[in-house]
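The values are calculated or read from the model by the stated rules, or taken from the named source; none is laboratory data. Since we're looking at a predicted model, the values are computed, not measured. Neighbour counts run over all protein chains shown; Cβ positions are idealised from the backbone, glycine included. These accessible areas exclude ligands, DNA and RNA; they are computed on the full protein's heavy atoms, side chains included. Shrake-Rupley method; radii C 1.70, N 1.55, O 1.52, S 1.80 Å.
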Amino acid sequence: IKSIMVSFQDVCANMNRNVRGLAYEPLCNLHSATQDASARESPFLDIMTDHLFQCSMKLATSCGYPHHYFDHMVLDSDEELEVERNDIRDVLRAITGGEDKYSGPPSNASLQVLHRIVQACTRSILEEIDSAGLPHETAVHALTALAKPLNCLGEAFARNELQNPEWIEILDTTLNTLSYVGGKLVNGLPTISVAEVFALSRLFNLGFSSLCPALLSICQKRHLPSALNLCLQNAMHAAFLSVIHIPELLTESTLEHSPYDIRGAFRSPGGEDHVGILVFMRLANEGEALAKHVLSLGHANGNNLLRDLCKLHEDLKVIENNRGAGIHYGKGVTPRTRRILLETISKFTKVAKSTPGLLEDGGTEAYKMLRDLFESAVMHLSRIPRLGNFDEKTLFEICEITFDISAFDSEFVSYLFSDSIESVALDCVSTMMEAGFYGYRNCLTCNEQDKEMIQWSRLRGALVTVIKASAYQGLPSKAIEALRALTCAECEAIILQCEAGASSQSYIFNEIIFPDEGLPAGAFVITFAQLFDSNQLSSSGAKDYILAAFKCCTPVLQAICHECPPFTLATSIDPRAALCEAWYIAASAITATMQNKVVSAADNSALQLISDSCCGAVTLILYPLLQKDASKQVHKKKGMDMDGPQTLAVIEFFENIFLMESGALHIVTHQLQLRFQAKLDNQNSDAPFLGIATLVAILFRAASGSLPPWTIEGFPSTFAALYKGCGRSIDVFVKVVGAAMKIKLSSGPYAGSVLAGRFFETMKEVNQHNFLRNAAEIASKDTDDGWRRFKTLLKQAAGGKKKASGFSQKPSPSSWDCDRL
């Protein structure tokens, strides 16, 4: 056994990276074996844990950055090296009991390995230094890779769940070691060259940030380890100096086309934001106990952390202005990182003001500094002329200031949209809104200045962000109105573009202004969905949001249901798709508020919005012609292309309709019947029944080819919801499904034809009977496997697998992330 282990350890120390990689999975499997109850009593347990330790250290010492690697900061990072470092961090976490979510203290075997690795790293850090007088980066890399198991250990400590209290020594050792590394960086950062200090400083900041959950657990105990305070002091001092001395980007970033960016990116590998700022962000946001301790620690030592951070922000803003518009490298940090610092200061200040006696002045000085910064930004924006036309420079300036304003605490931002505000704030909001309307009002105006509209498109994201940031005890009524007005402006622009024709040129809805990595249409609509999903949503707030969304309903549905075929120009972007997706996500969120009793199931505005949206969705599914060869539809298409994530949102919306309270479901399906006038031959049925049968028939039609083939993959949960909406009555369910197979429309292009499509129209009676019999059997069991079987049953009934359909693969949902535009 010993010979085998020695040979395996040689693999871990092999000069070839690919050979070393063969060891990762066996090591994780061996660790898993030590977790079995039988292994805990095994005489070989100590041998196994020693083997895990030996192998892990050989791997850890093999993935350091080569000598002079950071002498060439402009080069892209070595992707293979970064992948290996990631993999080794994963192995170290796996064999030491690191978990994403706490489920109990690590096992004794895991703690033994963890203890030995921490001790080995500590010895190397304390005893070995490089040519610059700093600890070796590889030892710090191995130590900081243990953040997750150390966090689990901290959680177990806070919960008093450690079987052997002596294991807390691991945390003590780690804190002392990190304190030593932080002290070395504090001494070295002002004098050592960036190339020499870069790797260690970046790694230290990242590692310390990752340990914040453990620090929070420690701060929740009454008796704190003596090493904690010095570790915090040195870590914050090192983070502060790293922000001052090391720019976030030494040169222009290559992250858009390189997964690990340039070597001179002071960020996590492949990530964003200056890691020195992330230290303060995590300390402020990990938990109130940690934030309070950090603030009190600075005060006890005669320092003023908040004042220092405010001054740092001020300096970074000056550097940013001196760099010039759109230049984010060379010195300082990116605007997004600076705003993270601003959010962090706001968070610390809020904690200080809510905790009497924590600071001598109660955080008053920091609050005043923040207020001054906020008022300065508002004043600056209010003085920008609103002449109707905005050039690139002005739009960029408005966008950046709006993003800055949104980084302040909601107490400040809500002031802009309050009912009793000063003329300066009114002018500020007017400038934001006028600039926000600018692009929509010029969607058909010939404009060769793409750069101008690019800044306008970014401004859309800034407006979304500032509106959401104003939610202090709920979104102010003027912010809700701003959201409605911007939504309607977008819809009007889309309708104008559709009226101009599918081949018309768009000066905003194109791949330059609305690129794949940019902010899609529907950004203001999706904000409604996010408001409804908030954990702090009140009944009164929900009613205000629903009323505003209801006012947007008609223009949104007019835009997404416009009969204009898909745009034909190669550079055009059809904004209806993203708007449709956002709208039906929002509509689903509204149905959820009714299901959760936040809003009454009898709320007229909500019911009308859901009913109208349901009719709109049915209209979209009726647009495509059901033909065997999809290519024949090209010249007959009506409405937008549904081959996208908007279809996912529509199907989920149908599912939420079926889950509504029975009274609300009857109202929605009754409205659907009034709109489409469906009928069953030789049968008299009430309107709600015909309405729900129409909705099910539309799902059958979707499976028959009206929507992409991947749509049916979401049907198991949809029909499970339908069964629940039928009161879990097998008879009612079968009656609805049976009616859906035969129901027809009384008027329109499909009058007289079976709505479900030609496969159901030509289905033999015996096959219909078998389909319903199988549906009844599946409903009687009401299991996930059963409803997946129903999907297969439906797929066969609707013509089987659609080959060469011309549709794309199932898409991912859109992203409306505004942080990094």
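Per residue, the convex hull spanned by the Cα atoms of region 226-306 measures out at 108 cubic angstrom. Using C-alpha pairs under 8 Å with a sequence gap of at least 6, the mean separation divided by the residue count of region 586-741 gives a relative contact order of 28 percent.
Rounded if a/c is under 1.5, else prolate if a/b beats b/c, else oblate: with a ≥ b ≥ c from the C-alpha gyration tensor eigenvalues square-rooted, which is region 227-384? List each step's numbers first, then the result.
Details: a/c = 2.31, a/b = 1.33, b/c = 1.73.
Cα axes put region 227-384 in the oblate bin.
Sorted by accessible area (1.4 Å probe), largest first, how do 328, 68 line up? Please report the intermediate quantities before stating the final value.
Values: 328 75, 68 110 Å².
From most accessible down to least: 68, 328.
Residue order by solvent-accessible surface for 396, 374 is 396, 374, largest first, with ligands and nucleic acids left out and a 1.4 Å probe.
Residue 766 exposes around 90 Å² of accessible area when a 1.4 Å probe is run over every protein chain in place. Compared with the dominant Cα axis of the chain, that is its longest principal axis, helix 147-158 is turned about 90°.
Nearest 20 debye, what's the magnitude of the dipole of the chain about its Cα centre given +1 on Lys and Arg Cβ and -1 on Asp and Glu Cβ?
Working: 74 positive and 91 negative charges, 502 e Å.
Using Cβ point charges on Lys, Arg, Asp and Glu, the chain gives about 2420 debye.
Counting only protein chain heavy atoms and rolling a 1.4 Å probe, the accessible areas of 336, 789 rank, largest first, as 789, 336. Classify region 377-533 from the C-alpha gyration tensor, please: rounded if a/c falls under 1.5, else prolate or oblate depending on whether a/b exceeds b/c. Note, shape of region 377-533 comes out prolate.
Given 20 °C and 1.002 mPa s, how large is the Stokes-Einstein diffusion coefficient of the chain in µm²/s, with Rh as the Kirkwood radius over Cα pairs?
Working: Rh = 30.3 Å.
My calculation gives 71 µm²/s for D.
Residue 102 sits with roughly 50 Å² accessible to a 1.4 Å probe, with DNA, RNA and ligands left out of the calculation. Taking all Cα pairs closer than 8 Å and separated by 6 or more residues, the relative contact order of the chain comes to 7 percent.
Region 1-52 and region 172-244 have Cα centres spaced 32 Å apart.
Diffusion coefficient (Stokes-Einstein, Kirkwood radius over C-alpha pairs, 20 °C, 1.002 mPa s) for region 324-368: 176 µm²/s, rounded to a whole number.
Using only Cα atoms, tell me the angle between helix 539-560 and the longest principal axis of the chain; keep it within 0 to 90° and round to the nearest 10. Approximately 60 degrees, to the nearest ten.
The alpha-carbon of residue 810 sits under 20 angstrom from the alpha-carbons of these lysines, leaving out residues fewer than 8 places away in its chain: 791, 795, 801, 802. Counting protein heavy atoms only, the chain has 49 percent of its accessible area on carbon and sulfur, 1.4 angstrom probe.
Region 754-794 and region 641-666 have their alpha-carbon centroids 20 Å apart. Bridgeable aspartates and glutamates around residue 148 (alpha carbons under 12 Å apart, same-chain partners fewer than 8 residues away excluded): 90, 99, 100.
Packing here is the average count of other Cβ atoms within 10 Å per residue, and on that basis the peptides 170-179, 723-732, 317-326, highest first, run 170-179, 723-732, 317-326.
Given the options 705, 689, 651, identify the residue whose Cα lies farthest towards the positive end of the charge dipole of region 646-705 (+1 on Cβ of Lys, Arg; -1 on Cβ of Asp, Glu). With unit charges placed on the Cβ atoms, the residue in question is 705.
Between the helical axis of 275-285 and the longest alpha-carbon principal axis of the chain there is an angle of about 70 degrees.
Taking every DSSP beta bridge with both residues inside the chain, roughly what % is antiparallel (nearest 5)? Kindly include the intermediate steps, with their values, before the conclusion.
Details: 7 of 8 bridges.
Among the beta bridges of the chain, antiparallel pairing accounts for roughly 90 percent.
Here the peptides 563-576, 341-354 are ranked by packing, the mean other Cβ count within 10 Å, and the order with the highest first is 341-354, 563-576. Looking at the chain, the accessible area is 43 square angstrom per residue; that uses a 1.4 Å probe and ignores ligands, DNA and RNA.
Pairs 347/451; 393/478; 744/781; 184/221; 317/478; 184/311: which exceed 26 Å Cα-Cα? Please report the intermediate quantities before stating the final value.
Details: 347/451 35 Å; 393/478 28 Å; 744/781 30 Å; 184/221 29 Å; 317/478 30 Å; 184/311 24 Å.
In this structure, 347/451; 393/478; 744/781; 184/221; 317/478 lie more than 26 Å apart at Cα.
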